[in-house]
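Values quoted throughout were computed directly from the atomic coordinates according to the rules given, and no laboratory measurement underlies them. Remember, predicted model here, so these are calculated numbers, not experimental data. When we count neighbours, we look across all protein chains shown, and the Cβ atoms used for this are built from the backbone with ideal geometry, even at glycine.
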Amino acid sequence: MSRPSYTRRQVCQFGLSGLAGLTLLDLTACGSATGSSSSAPNETLQLSFWGDASRNKLTRNAIALYQKAHPNVKINSWFSDFSTYFNKLNTQIAGGSIPDLIQMDMAYVAQYVNQKQLLDLTQVISDKTIDLSDFDQNMMANSEDNKVPYGISLGGNYECMFYDMVLVQQAGLQPPPTSWTWNDFADYAGKLSQALGSQKIYGTQDVSGAVDVFEIWVRQHGRELYTPDGKVNFTVDDASSWFDYWSNLRKAGACPPAEVQAAVTGSGPSVSLLARGKAVFMIAHSNQFHGFQVLSKHKFAFQTVPTGPQPGLYLKPSMLMSIGAKSKYAKEAASFINFLITNPDGAKAIGLDRGIPGSARARAALEPVLSSEDKAVLAYANLVGGQATAKNVLDPPNASKIQTILMNVAQSVSFNKQSVTAGANALVQQAKQALGG
């Protein structure tokens, strides 16, 4: 059954209670339209994105600024955490509706391109509706599918660690060194757990089920996660050593036992043990620093991801902004993307929440107004940039399934339902099946 539609006037007459359960939309401003024009907007776009309340606030600010400059355009938005976002997006698409503006992750691009849900942006880039004249070309190349742009990166980020400085001091330890190995991290996390165990605080959250961190592990051992033709490239040995590492941390008490970690449902800063004061370390994306910090009164700091035999970090296009293939307002949607990536007001509105901007104009606009948190993000990027290597193989279609498979197998291993070896074999076998061999 198709979803019923309502006019803006009807929405305001019904009120929020009358809309319960009817729509995912986070409907903006039932009052008068923002802008100098007194006429109602005649072009209404829909924007979907994942994130937390902090990102929603920044995004809404950007929308308000854009609408002020474009009074005949209105942008409605909805958001959810990453773990449920694509399910909600798919539900909306199945109901016959797709957002005009879609926040997209690289792991999902090929899937939605194959389904013909995303617009090829070549034309709006060529006619400068989206102006990439000063955009980082490596970042742009890393966000294309078969050299075709289906989304513009709103920023780039590196994998990193955040840690609670207050809890480190309470544990009586010195801050961690600028660079360390995985064994160094395990030892340090163990000492933290030992010192803070009476408060049921662990040295680190267990991220054995996080595919982005597993990818770094695999790259540090000389392989990309996938082959150029979209097959599994990691080995049973890669998976076995990964599960074994976290199993040893679990046994040593350096990370939470399985039942504690399994209680962390969903994704994002708000559900993390770090933000809840139950873990000292968390591995995350550099652009999430503000999202974590606003949830705690304790001061957080950056730390480098442990090093391996070879470099593993790479600059990842964080979130793409794509346009629905069937959007009636593709030109207006492209204009909003351009506003976010090149206009000083747009760049300042979203800051570094979605990563370091690819546009030189955006970076120049941000530099004078950066908060201490944003300066920390840039400082970390400058620190690790020289250690990073390019990711030459993009995620294939169905790559998003690997996250679910890894998470399920990692949890099974953590509960001792599978041995490390059995889990490693299961991960590789199931991943191959998901990717078609």
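For Gln418, which sequence-distant residues (separation of 5 or more, or a different chain) have an amide H within less than 5 Å of its own amide H, given hydrogens modelled in the peptide plane?
Long-range HN contacts for Gln418: Val413.
Mind listing the long-range amide H neighbours of Lys278? Cut-off is under 5 Å, sequence gap 5 or more, other chains count too, H placed in the peptide plane at 1.01 Å from N.
Long-range HN contacts for Lys278: none found.
Taking amide H positions as placed in the peptide plane 1.01 Å from N, state which residues far from Trp180 in sequence (5 or more) or on other chains have amide H under 5 Å from it.
Thr307
When all alpha-carbon pairs of the chain are counted, what percent fall beyond 33 Å? Before the final figure, lay out the partial values.
On the way: 34591 of 95266 pairs.
Tail fraction, whole percent: 36.
Using the Karplus equation 6.51 cos²θ - 1.76 cosθ + 1.60 (θ = phi - 60°), what ³J(HN,Hα) coupling, rounded to whole Hz, does each residue of region 260-276 give in order, writing x for Gly and Pro?
My calculation for region 260-276 gives 6, 5, 5, 6, 7, 9, x, 9, x, x, 5, 9, 6, 5, 4, 5, 8 Hz in order.
What does the helix-only formula give at 222 nm for the chain: each DSSP H stretch with n ≥ 4 adding -39500 (n - 2.57), the total divided by the residues, and the result rounded to the nearest 500 deg cm²/dmol?
On the way: 18 runs with 189 residues, N = 437.
The helix contribution divided over the chain gives -13000 deg cm²/dmol.
Please list 3J(HN,Hα) in residue order for region 281-297, calculated via the Karplus relation 6.51 cos²θ - 1.76 cosθ + 1.60 where θ = phi - 60°; whole Hz, with x for glycine and proline.
10, 8, 8, 8, 9, 4, 6, 8, 4, 4, x, 6, 5, 5, 8, 9, 7
Rounded to whole Å, give me the distance from the Cα center of region 205-258 to that of region 76-150.
28
What translational diffusion coefficient, to the nearest whole µm²/s, does region 303-437 have by Stokes-Einstein, given a Kirkwood radius computed over alpha-carbon pairs, a temperature of 20 °C and 1.002 mPa s viscosity?
Value of D from the Cα-based Kirkwood radius: 115 µm²/s.
For Lys328 and Thr235, compute 0.36 nm times the residue count separating them, minus their Cα-Cα distance, and round to one decimal in nm.
Net length gain for the segment: 28.9 nm.
Going by how many other beta carbons lie within 10 Å of each one, how would you line up Asp244, Asp229, fewest first?
Going from least to most buried by this count: Asp229, Asp244.
Using the Karplus curve 6.51 cos²θ - 1.76 cosθ + 1.60 with θ = phi - 60°, what ³J(HN,Hα) values do you get for each residue of region 423-429, in whole Hz, with x for Gly and Pro?
Calculated HN-Hα couplings, in order: x, 4, 5, 5, 4, 5, 4 Hz.
Give the lysines reachable from Lys128 as a straight Cα distance under 17 Å; neighbours fewer than 8 places away on the same chain don't count.
Within the straight-line limit of under 17 Å, Lys128 reaches these lysines: Lys331.
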